[in-house]
1. Out of K12, K64, I need the residue that is part of a helix (DSSP H, G or I) and either without any contact (Cβ under 8 Å) to a residue 12 or more places away in the chain or under 18 Å from K110 (Cα atoms) (or both). Which one?
2. Restricting attention to segment 19-59, and to residues there that are touching an Asp or Glu at 6+ places or on another chain (Cβ under 8 Å) and in a loop (DSSP other than H, G, I, E, B), which single residue is nearest to Y105 (Cα to Cα)?
3. Of (1) surrounded by 11 or more Cβ atoms within 10 Å (Cβ to Cβ); (2) closer than 23 Å to D126 by Cβ, D74 satisfies all except one. Which?
Amino acid sequence: MDLSKILSISGKPGLFTLISQAKSGALIESLLDGKRQTAFANAKISSLQDISIFTIDDDIPLVKVFQEIYKKEDGKDCIDPKSDSKKLIAYMSEVVPNFDSERVYVSDMKKLFTWYNLLNSKGLIDLKDESENEAENQSEQKDSE
């Protein structure tokens, strides 16, 4: 699963796909409604590939957390992000047993579960590792030549 072109932009709801980059920012497309717009360079833009979840040991990349949820739910949507805080914490404990409860807030969990459900509804979550995706992309490029 490659989340490098999936973006979260501070102040804008939902997630976005990077279409192209320009001097003043980036052309993005909303995963919620498909509308294209410009995200300016001064906006706080984060690629989901670069986001991790704090744990007691090492931080876990968001990709791995999404894959754990995907396995747990057999490819279906996860818990409703609007659920009770105790339910969200219990669910998070099942998915990432050693998450750092002092640094991962309920608001972070809500965002995580909302993102998972959105990406899952668009068919963007799979259990492939990055190395498998790179190998697949290289074979596709060779086939097209």
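1. Of the residues listed, the single one that is part of a helix (DSSP H, G or I) and either without any contact (Cβ under 8 Å) to a residue 12 or more places away in the chain or under 18 Å from K110 (Cα atoms) (or both) is K64.
2. Looking at residues that are touching an Asp or Glu at 6+ places or on another chain (Cβ under 8 Å) and in a loop (DSSP other than H, G, I, E, B), I get F54.
3. (1)
Every number here is computed from the coordinates shown, using simple stated rules; none is lab data. This is a predicted model, so every value here is computed, not measured. As a convention, Cβ positions derive from the backbone with ideal geometry for all residues, glycine included, and neighbour counts pool all protein chains shown.
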